[in-house]
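The values are calculated or read from the model by the stated rules, or taken from the named source; none is laboratory data. Here the structure is a predicted model, which is why all the values come from computation and not from measurement. FYI the Cβ positions are ideal-geometry reconstructions off the backbone, even for glycines, and counts take in every protein chain you see. Side chains included, ligands, DNA and RNA excluded: accessible areas come from the protein's heavy atoms. Shrake-Rupley method; radii C 1.70, N 1.55, O 1.52, S 1.80 Å.
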Amino acid sequence: MIDTRDGADIEREMAIMKPGGRILSLIAGPNKQFAKQLQLPFWKQLLFSLAGRKWDRLAKKAGVEYRFIFVRSDGAQLKKITEIVEQQAIVPAIDPHQFDLAHVKEALELVAHGHPTGKVVIKVQAG
């Protein structure tokens, strides 16, 4: 799963993921794994470990793997993300409810207070 929202959603996302799943956050925050991947000095790894311990603890409890990357305007990075998504056959979960523009309010209500089983899609038709 790729998280592009905020930390509050990651907790919910981890809770619904299958054990062994992976979550890649572009928002929530770096952790020790991030510092190791960048081969930062030990003291920075320690700082990142402390900063990201909440996410690591939640991931361990859920039996999933948490990773973080800094997002920047970088064509090479976007290409790499595309390759990972394609190689791992990552497909987002889509909630079965169908919404059109006339029912945007209901779609937003589902996102805010319902329990969608994936991304909520609003279909737009060219008139």
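Here I2 meets each of (1) open to solvent by less than 70 Å² (accessible area, probe 1.4 Å); (2) farther than 25 Å from I122 by Cβ with one exception, condition (2). Consider the stretch 96-122 and keep the residues that are more than 26 Å from M17 (Cα to Cα) and surrounded by 10 or more Cβ atoms within 10 Å (Cβ to Cβ). The one that is modelled with the lowest pLDDT is L101. When residues in the stretch 66-82 are screened for being over 17 Å from the mean Cα position of the chain (by Cα) and surrounded by 11 or more Cβ atoms within 10 Å (Cβ to Cβ), 1 of them pass. Mind listing whichever residues of the stretch 19-34 are at negative phi and within 14 Å of the chain's Cα centre (by Cα)? Within the stretch 19-34, G21, R22, I23, L24, S25, L26, I27, A28, P30 qualify.
Restricting attention to the stretch 16-65 and to residues that are touching a Gly at 6+ places or on another chain (Cβ under 9 Å) and aliphatic (A, V, I, L, M), the residue that is most open to solvent (accessible area, probe 1.4 Å) turns out to be I27. Selection of the stretch 83-95 for residues being assigned to a helix (DSSP H, G or I), surrounded by 10 or more Cβ atoms within 10 Å (Cβ to Cβ) and among the acidic types (D, E) yields only E83. Scanning the stretch 62-76 for residues that are assigned to a helix (DSSP H, G or I) and touching a residue at least 40 places away in the same chain (Cβ under 8 Å) yields a single hit, A62.
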